[in-house]
Amino acid sequence: MEPGGSVPGIPKPRWSLSSSSGLRYGSFVNSLSSLAPQAGEKAPISPRRAYIAVAVLCYINLINYMERYTVAGVLLNIQKFFDISDSTAALLQTVFICSFLLLAPLFGYLGDRYNRKYIMIGGLCVWLVTAAGSSFVTSSLFWLLMLLRALVGVGEASYSTIAPTIIGDLFVGTQRSAMICVFYIFIPVGSGLGYITGAGIATVTGDWRWALRVTPIMGLVGLFLLVFLCPNPPRGAAETHGEGVTEQSSYLEDIKYLLKNKSYVLSTLGVTATAFLVGALGFWTPNFLSRAQVFQGLQLECIKEPCNPTDSYIFGAVTVVTGILGGCLGTCLSRWFRNKVPNADPLICALGLLGSAPCLFIALFAASASIPTTYVFIFLGEVLISLNWAVMADILLYVVVPTRRSTAEALQISVCHLLGDAGSPYLVGVISDAIRRSKPPTHGWNFESLKYSLLLCPFVGILGGVFFLLTALYIAEDRKAALPLVEEDPPPPQDPSSEPSMELKNQGDGNKAGQKQP
């Protein structure tokens, strides 16, 4: 071997992260076996193909969230059709999120070890069938609607867990931040369009069930695009110029690694608070605004579906605009301050949640007197919350090594949904029902009971802000620990005798060579 460590005619080695080498996570292990030519080695993915892949993933993310919030857009119609209470109606969101979070760890495990594209295709097929099937449930089979909503969560779990990691393997640095921003902007955009299309289709057709059939039709297009236009890049491909990163570690070792990562743990708790807040507000706000207008005498109470869709239209439009505005603003702030302030990203997230709390508090109490004022503060609150979408995802990608990103995404999804939006709509509904039963039912008391139950949201937002402030204390250290595998350029080959974190593994006799520097 030449002094520089290169071998003529042999391709550069794939980087391996081994838990059995005795080295700490993040160190490089250069294996002799990896120096041999590999038939399955892929060339780096072209920029054009990478951008097309992001466009496909963004489109599927859009229809995922459209479908999820279509139910909220026609919630009043569903309540009248099945004759169910607030807490029972909220179960539709709870069972969906529960199946989503229970299967996310499984898809995270598979996503770190098997072909991610095939996993997403299988999940999307399940999503299409169950989402379309839920629109054919009759009024006597509410339990079947809940079952199908749970199965919809199975399909979404496969996609939401894996898609961000593919983007992470296609881009690095500021390009990755920009692409992640675009991807996560489609969460609020899709959510807002879900309200609008759900309410609009229900109004045009006179049947809320048609609203649930639009996104599966769009999903067929997404499935076709995913099959033919989305690649499955090697893990860590962007950081290693297409070489990819391999590892030899168990799932338990992956979990232990993540639990020792303070920034990951604390930011996950912050994401959980955000999910709680967004889940409760997203599900109940159109209903709350409708009750507020009945309370003020601006419209009559809905007795039989179809109900007045105006609030779903307006709230949906507000969600789209604030999602784009807040997402772009958060990413711009991150890119502007990241090189100047090492812990800028968690501080931006903390600012968003802490700033949204007073806005939401004012909006809830202004609703009894002025609907326009309520919308103004809802707009401000949603802009501040939306600062976090892309920044939160970017934090995970640069504090976790590439080969553990799917597991990290899955674990974060499980925790944030389990303690966040899986229970928040149901909890708000239960509190609302309990408060309403304390007095004789009236239009005014129906509104007040939901208002008081939604007061839980600003306090959870404050708690989430505190978690992100704590994340800011550790983010620089944890990012530096993961830096060897998330640098834009991989380190050049070196003589193993001069590199303390490199070792040569001879698979023939098991002997290892490598000396520490003096």
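The values are calculated or read from the model by the stated rules, or taken from the named source; none is laboratory data. Note that the structure is a prediction, hence the values are computed from the model and not measured. Cβ atoms come from the backbone with ideal geometry, glycine included; neighbour counts cover every protein chain shown. Heads up: the accessible areas ignore ligands, DNA and RNA and are worked out on the full protein's heavy atoms, side chains in. Shrake-Rupley method; radii C 1.70, N 1.55, O 1.52, S 1.80 Å.
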Could you say whether any residue in region 112-121 is in a helix (DSSP H, G or I) and buried (at least 23 other Cβ atoms within 10 Å of the Cβ)? yes
From I255, I303, I314, residue being at pLDDT 85 or above, over 18 Å from A366 (Cβ atoms), surrounded by fewer than 21 Cβ atoms within 10 Å (Cβ to Cβ) and of a type in the set (V, I, T): I255
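State yes or no: is I187 part of a helix (DSSP H, G or I), in contact (Cβ under 8 Å) with a residue 12 or more places away in the chain and in contact with a Lys or Arg (Cβ under 9 Å, 6 or more places away or on another chain)? Quick ask: steps written out before the conclusion?
Values: part of a helix (DSSP H, G or I): yes; in contact (Cβ under 8 Å) with a residue 12 or more places away in the chain: yes; in contact with a Lys or Arg (Cβ under 9 Å, 6 or more places away or on another chain): no.
So I187 does not fit the description; no.
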Within region 127-145, does at least one residue satisfy the condition of being in contact (Cβ under 8 Å) with a residue 12 or more places away in the chain, under 18 Å from the mean Cα position of the chain (by Cα) and either over 29 Å from D394 (Cα atoms) or surrounded by fewer than 24 Cβ atoms within 10 Å (Cβ to Cβ) (or both)? no
Quick one: in region 203-234, which of the residues that are aromatic (F, W, Y) and touching a residue at least 40 places away in the same chain (Cβ under 8 Å) is nearest to N64 (Cα to Cα)? W210
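Residues checked against (1) β-branched (V, I, T); (2) surrounded by fewer than 24 Cβ atoms within 10 Å (Cβ to Cβ):
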| position | (1), (2) |
| --- | --- |
| A393 | no, yes |
| R404 | no, no |
| A408 | no, no |
| G420 | no, no |
| V430 | yes, yes |
Please count how many residues of region 66-106 are open to solvent by less than 30 Å² (accessible area, probe 1.4 Å) and not in a loop (DSSP other than H, G, I, E, B). 26
